C-alpha cells in the first residue's frame, strides 16, 4: 500500500516525479506537474508531522471534511504553507487552497476504503502506515518549497534524505532510530 500514490491516482493527478537530490530538478521534467506534486508532498509531509502519536492519528481519522483536515495538519502555519506553494508554483493562494482541499478530500475518500481501514488496524495506526512511507515521499519533495522551514524540521530538506542506495538507506535508518521515527 502506498497512501500518497493511492490519493494521487484517486484524484487523477499525474504520477509524482522523483527530484534529483544533486540538482533539485525533477528526473523527468516532461511528466512533472509542479502544482499537483507540490500540494501532494506538502500535504503528506504535514500529515506525517502531525500524526506522530496514536492519539493525534485517531483524532485526525475522526475528522469529516477537508477544511478540518487541513486545519489539523497545518494549524497556525496555513498562511505560510499557502505562500510557500504559491511562490514556488507561481499560482495564486486561492488556486493552491483549492488544490489542497482536493488532496484532503481525496485523502478522506481513500482512507475510508475498506482495505485502508484494515491496513490502519494491521499497522497499529495511521502513524505507523505513514512512517513507513515518509522516506518515499521525500524523494518527490522539491527543495524550492522549503518544507523543512515550514514544519520546523530542517532535516526534511537535507539531500541525504532524498538519496537512494545502500549507504543512504542505512544513514536514513540510523537517523530515524535516533529521532524515534521507527
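Any read-out appearing in this document is the output of simple, stated calculations on the displayed coordinates, not a laboratory observation. Treat the numbers as computed from the prediction; the structure is a model and nothing was measured. With ideal geometry, Cβ positions are generated from the backbone for all residues, glycine too; neighbour counts draw on all protein chains shown.
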### Label point distance in nm, residue 80-residue 29, each placed 7 Å from Cα along Cα→Cβ
3.1
### Highest-first arrangement of 142-150, 11-19, where packing means the average Cβ count within 10 Å
142-150, 11-19
### Query
Measuring from label point to label point, each 7 Å out along Cα→Cβ, what is the residue 119 to residue 1 span in nm?
0.5
